[in-house]
Ligand SMILES: Nc1ncnc2c1ncn2[C@@H]1O[C@H](COP(=O)(O)OP(=O)(O)OP(=O)(O)O)[C@@H](O)[C@H]1O
Ligand SMILES: [Mg+2]
């Protein structure tokens, strides 16, 4: 491919069109509601990257990436995991319960809750598998349906059995020191959750592209009948992929709880909308594995920067939600248009 | 030449390193059936896609009734009176025949679809062209041949004056093919021009008025069917003649059967018997042919033999029951290339890998180099023309994709080979090679179950031919039996 042709391909690629289009529309909205974009955008960048805000952004990047993998992994097998919130909450509450109730030696007090959180998240996601493989209720529905009661269950546990006594606040007590995630460098926000999630992402990329398991997952997602014909146990693979995704969500929940402020505050896991941002990022990356961390970084910057924009320029931070929504819409429209055009006899 | 409906002049199209069309001239006269033939990957589908606005040519022009036109999309093509019948039908299964035909150009009354008018229009069209189709039937339940007729009617409803059919007979039974050709003749007689892409030279000779032969993106021959013969066409297509089929062996070896089916009965979800007490056996070094009109139980039988139907009682491979899932002892070439035999979005290498992934890799590793090397070896051995093994298999021409499937399955270590329509969509040269491969596998001791809708293929290859009718084996013939006898048995006629 010649250089100009390559450049044209990149510029016309769905992610670029989506981001540029969404930003253009957002600018238009700003102008309509009377916000000065030349003030708003610098405020956004400052809010995400400068003035010591980079730490917040990285701290938010970790669970968002975890949730992105929670969506992306099952998607490779053709399953939509929209139950991230439930898996996240159950993972978090499991980790908190373990750290609070079981006296554990150092190191184990961090590792075990993380592992348990991942397992619990995986379990919640796996419940959806038989619905899809036996009853033919698509995972996109069953994961979503299971999510709400799972979030409620976590909320109940935090409000009653695990609640901090005599405060009336819906949160657990602070976890014992041994269960606090160590910080990275001199930061007060970025924990070892960052290298952990980076390593796990690398592991997933390896499994996806360079192992039989990854190959069978992708074949199942590309054409289930083909995979079945090839001897792949597609139902098992789909269940495994859902459980794997749920494990990433559960781990993300555990990482949040074991990080500052070291407790499960009811609603604190789901309120920031990690799941939605993660889904937007994966769609923006067109589910290309290597592009996912980049898309997550971009959307996290938008998300965190949005708060700065609200503080400084008085733009409601919901605007960044609108940007994400627009990105999803544009990506979806482009995908449909391409599917219609690109058909071959 | 007299009255030209369409002309392609100097049309070229490049896909990356592949020059799919290289300065092609093609003139289609009004009311003629113009066949386009050529090897796999010669550029036939590309040329048809250009004429239907699906691809834009890099160079050259298209003329309609002498006027130069530009086609940016199929919608443009339809406006210029072009119609295309796709091999994978684009019908809505839950709409009626009439609704499918008028969709996009519906007769409207007070803002709603005027059903009565739609039915009248469809009935009138059916009448005019002798294409029988019940306007109120749901498409879902219709046989393939009728669905294809609906596609043709849809094009004619939009006043197509040029009808493009790319390998329309690949999915049809011989009877349906005959009916299609009657229809094409009738339609052509009304002044509609027909462009017919096919690999079957008997079809060219039967319905074509003129033939254009493509080879490696160029025109290598133009013939009038009345003044040519199949041999001449083959020469123009592949640059040599075909070797006549090898004479039949006298006596197939008699050992214990490798594949044995005993009293197999299968009911569908509604309790209707799809297979009734089917028994058959295939011995090492033997090809058993399976004939029958579509839907006579072939699907159920083959899915039972391959294990895809689960653990079915009564099916034995080398003396032990067939394994549920996909029995690894069976090599299987499915007829549904897009639905089952390939994952169109995956690369050629990854499509060729399927089934061998656990040999080449393990749960925690799958060396890409090994995967690619294997694919490259097979691409070379089976002369599959692919720009690279990393491109998606959907970018291969139809015949080359079929060759990739054959390469994967015929090189699988297996006891039994099950082949459904193994030569669908492949050119005459490749067909000859596929036949040679199957015969060689047989001579090396493979037990082969061959399902084909082409009786000539069965007669050429099979040692014995079993005829399925309504889920029963109703007749068994020697491989050299008369075609008319086999055909009679296929309709259920007993003597
Ligand atoms: N979308 C595409 N991208 C890349 N290469 C393509 C594409 N479409 C066609 N080609 C290549 O162009 C060449 C011509 O393909 P085409 O499908 O026109 O062949 P064909 O004559 O229809 O063959 P067949 O008889 O096998 O259907 C082939 O080498 C094919 O691999
Ligand atoms: Mg073709």
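What number results when the radius of gyration of the protein assembly as shown, computed over Cα atoms, is divided by 2.2 N^0.38 Å?
Dividing the Cα radius of gyration by 2.2 N^0.38 Å gives 1.10.
Relative to the first principal axis of the alpha-carbon coordinates of chain B, what is the inclination of helix B:368-381, with its axis defined by its Cα atoms, in degrees from 0 to 90 and to the nearest 10?
Once rounded, one gets 80 degrees.
Among A:32, A:294, A:108, which one moves the most in a GNM of chain A with springs linking Cα atoms closer than 10 Å?
A:32
I need the calculated FRET efficiency for the pair residue B:369 and residue A:286, taking r as the beta carbon distance and R₀ as 22 Å, to the nearest 0.05.
The pair residue B:369/residue A:286 has a calculated efficiency of 0.25.
Report, in whole Å, the centroid distance computed from the Cα atoms of segment B:48-66 and segment A:42-104.
52 Å
Quick one: if the Förster radius is 41 Å, what FRET efficiency do residue B:412 and residue A:108 give, using the C-beta to C-beta distance and rounding to 0.05?
0.25
So what are segment B:341-412's ellipsoid semi-axes, whole angstrom, largest first, if each one is the square root of 5 times an eigenvalue of the alpha-carbon gyration tensor?
Over the Cα atoms of segment B:341-412, the semi-axes work out to 19, 12, 11 Å.
What is the distance in Å between the Cα centroid of segment B:334-364 and that of segment B:398-461?
18 Å
Need one number: % antiparallel among DSSP beta bridges in chain B, to the nearest 5.
55 percent
Round to the nearest 10 and give me the degree value, 0 to 90, for the angle of helix B:174-189's Cα axis relative to the longest principal axis of chain B.
Roughly 10 degrees, rounded to the nearest 10.
Quick one: give the max-minus-min coordinate of the C-alpha atoms of segment A:142-231 along each principal axis, largest first, in Å.
Per principal axis, max minus min of the Cα coordinates gives 61, 39, 17 Å.
Can you tell me the relative contact order of segment B:4-238? Whole percent, Cα pairs under 8 Å, sequence separation 6 or more.
Rounded, it is 29 percent for segment B:4-238.
Once you average over the residues of A:216-222, how many Cβ atoms of partner chains fall within 10 Å of each Cβ?
Per-residue shielding by partner chains comes out at 4.
Could you tell me how many degrees, from 0 to 90 and to the nearest 10, lie between the Cα long axis of helix B:144-157 and the main elongation axis, the longest principal axis, of the Cα atoms of chain B?
Taking the Cα atoms of chain B, the angle to B:144-157 is about 10 degrees.
Residue A:145 versus residue B:3, label points 7 Å from Cα toward the beta carbon: distance in nm?
That separation, rounded to one decimal, is 6.3 nm.
With springs only between Cα atoms under 10 Å apart, run a GNM on chain A and tell me which of A:290, A:73, A:100 wobbles the most.
Its mean-square fluctuation being the largest, the pick is A:290.
Shielding of A:231-239 by partners, i.e. mean partner chain Cβ atoms within 10 Å per residue?
Neighbouring Cβ atoms belonging to other protein chains average 2 per residue here.
Of all DSSP beta bridges in the protein assembly as shown, what percent run antiparallel (nearest 5)?
For the protein assembly as shown, the DSSP antiparallel bridge percentage is about 55.
Quick check: from the Cα gyration tensor, does chain A come out rounded (a/c under 1.5), prolate or oblate?
The shape class here is oblate.
Give me B:166, B:134 ranked fewest to most by other Cβ atoms within 10 Å of their Cβ, as a rough exposure proxy.
Listed from fewest to most nearby Cβ atoms, that is B:134, B:166.
How do A:314-320, A:247-253 rank on mean C-beta neighbours within 10 Å, highest first?
In descending order of packing, they fall as A:247-253, A:314-320.
Given a 10 angstrom Cα cut-off, can you work out which residue in A:171, A:87, A:324 is the most mobile in a GNM of chain A?
Maximum among the listed residues: A:171.
Once you sort the root eigenvalues of the Cα gyration tensor of chain B as a ≥ b ≥ c, which label holds: rounded (a/c under 1.5), prolate (a/b larger than b/c) or oblate (the other case)?
Prolate.
Using only alpha-carbon positions, what ratio does the radius of gyration of segment B:1-66 give when scaled by 2.2 N^0.38 Å?
Compactness ratio reported: 1.10.
Can you give the relative contact order of chain A as a percent, counting alpha carbon pairs under 8 Å and 6+ residues apart?
After rounding, I find 33 percent.
What is the fewest-to-most order of A:229, A:262 by other Cβ atoms lying within 10 Å of their Cβ?
Fewest to most other Cβ atoms nearby, the residues stand as A:262, A:229.
Go ahead and estimate [θ] at 222 nm for chain B from helices alone: -39,500 (n - 2.57) per DSSP H run with n ≥ 4, summed, over the residue count, rounded to 500.
So the helix-based figure for chain B works out to -9500 deg cm²/dmol.
Given the peptides A:298-305, B:479-486, B:456-463, B:276-283, arrange them by the average over their residues of other C-beta atoms within 10 Å, most packed first.
Ranked by mean Cβ neighbours within 10 Å, highest first: A:298-305, B:456-463, B:276-283, B:479-486.
Test of understanding: ordering A:233, B:44 by Cβ neighbours within 10 Å, fewest first, what list do you get?
Going from least to most buried by this count: A:233, B:44.
Using a 10 Å cut-off on Cβ to Cβ distances, tally the other chain neighbours for every residue of B:328-340 and report the average as a whole number.
Per residue, the number of nearby Cβ atoms from other chains is 2 on average.
Please label the shape of segment B:231-379 as rounded, prolate or oblate, based on the square roots a ≥ b ≥ c of the eigenvalues of the alpha-carbon gyration tensor (a/c under 1.5 means rounded; beyond that, a/b larger than b/c means prolate, else oblate).
oblate
For chain A, what does the helix formula give at 222 nm: sum of -39500 (n - 2.57) over DSSP H segments with n ≥ 4, over the residue count, nearest 500 deg cm²/dmol?
-24000 deg cm²/dmol
We did not get these values from a lab; they are worked out from the coordinates using the rules stated. Model, not experiment: these values are computed from the prediction. Here Cβ is always computed from backbone atoms with ideal geometry, including for glycine, and neighbour counts include all displayed protein chains.
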